[in-house]
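Worksheet: one structure, shown below.
The values are calculated or read from the model by the stated rules, or taken from the named source; none is laboratory data. Just so you know, these numbers come straight off a predicted model, no measurement behind them. Cβ placement follows ideal geometry from the backbone for every residue including glycine, while neighbour counts extend to all protein chains displayed. Only protein heavy atoms, including side chains, enter the accessible area calculation; ligands, DNA and RNA are left aside. Shrake-Rupley method; radii C 1.70, N 1.55, O 1.52, S 1.80 Å.
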Amino acid sequence: MKAAVYYETGGPDVFRYEDVPDPIGHPRAVIVRIEAISIEGGDVLHRAGGEMAGRPHIVGYQCAGTIDEVGSEVTERRVGDRVVVTVPHGSHAERVMVGARGAWLVPDGMDIRVAACIPIPFGTADDCLFEFGHLQAGETVLVQGGGGGVGLATIQLAKRAGATVLATASSDEKLARLGEFGMDTGINYRDTDPVAAVRTATGGCGVDLVVDPVGTTLQQSLASLAYRGRCITVGNMGRADRRLDIGGLLQGNQSLTGVFLGAEMNTTRVYSMIARHIDDVAAGRLRVVIDREFPLADAAAAHVYIESRQAFGRVLLIP
């Protein structure tokens, strides 16, 4: 099979489009013929400097396609099932092996490209808001990087839960689009002070909850909290060095919590939660935005585009 691989970490130019061995089946796993790959923030970070399972290494957490092979002990999936899957690595390829527990059925009629975009962004957003963020109806939420995949999912879920939603983005054009997804107040971080804008929008109080997948904005996020506010740090798309002044948390009885969906991906709670989000997207109750698609052979160009911060929503690779 073909795959986008690299032999050392670094910039997008480390990618090579090469023939690699097909995945070998396992009694409790399925092999999926990949039709769409959603590039996640973690994919970019791992390519830049993460651990490699081998050389060559195939990066990638999430993709969707059709099951070609089913292990002898698998009873809940069949050859021909359309599924979206999450894996520790290996999505940037034509085929992937995944434990049956990591494969969600794609509802009839759903675009396989849309399905490829759901589990990690919506699962992450849900955990940030509810499992760890303890969001309640009537509270205020600040979403950093609202135009990204996690940001868009977070805005929709927070608004649906009855929150007032503030979000940051790099342009007024992006902010105008975010209003369609439930954002109440937009903050262009390129031409305004985000903390001052949050204080103005909340009557000086600050927000009850911040969801920050960017990393470089984390100090601003902490400064935007209301008394007893909660800040969730998830991901590090800005590649922050993570050195923070947390002294202000004490005076405000505030909290900072790190969230990593992968640590709970195999739990029944998360599996069921993601299945609900897939159904909600299929029914039109939640929306996925696909910004651009690239051939798998052009994985380097796709990663360059993501790192340019131009994308609004998901960027896909198509084998």
Within the stretch 1-54, track down each residue that is closer than 26 Å to Leu261 by Cα, in a strand (DSSP E or B) and of a type in the set (Asp, Glu).
Glu35
Lone unmet requirement of (1) open to solvent by 10 Å² or more (accessible area, probe 1.4 Å); (2) farther than 18 Å from Arg33 by Cα; (3) part of a loop (DSSP other than H, G, I, E, B); (4) modelled with pLDDT of 95 or more for Gly133:
(1)
Yes/no for Thr202 being touching a Pro at 6+ places or on another chain (Cβ under 7 Å), buried (at least 18 other Cβ atoms within 10 Å of the Cβ) and at pLDDT 95 or above:
no
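Let's see how each residue does on (1) part of a helix (DSSP H, G or I); (2) open to solvent by 20 Å² or more (accessible area, probe 1.4 Å):
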site: Leu152; (1), (2): yes, no
site: Ala158; (1), (2): yes, no
site: Thr168; (1), (2): no, no
site: Lys174; (1), (2): yes, yes
site: Gly179; (1), (2): yes, yes
site: Met183; (1), (2): no, yes
The stretch 176-198, subset of a type in the set (Ser, Thr, Tyr) and touching a strand residue (DSSP E or B) at 6+ places or on another chain (Cβ under 8 Å), residue modelled with the highest pLDDT
Thr185
Identify all residues within the stretch 247-261 that are farther than 23 Å from Pro121 by Cα and aliphatic (A, V, I, L, M); write none if there are none.
Leu249, Leu250
Scanning the stretch 33-58 for residues that are of a type in the set (A, V, I, L, M) and within 15 Å of Arg95 (Cβ to Cβ), which turns out most open to solvent (accessible area, probe 1.4 Å)?
Ile58
What single numbered condition from (1) in contact with an Asp or Glu (Cβ under 6 Å, 6 or more places away or on another chain); (2) open to solvent by 40 Å² or more (accessible area, probe 1.4 Å) fails to hold for Ser255?
(1)
Residue tally, condition out of contact with any helix residue (DSSP H, G or I) (no Cβ under 9 Å at 6 or more places or on another chain) and of a type outside the set (A, V, I, L, M, F, W, C), over the stretch 19-72
17
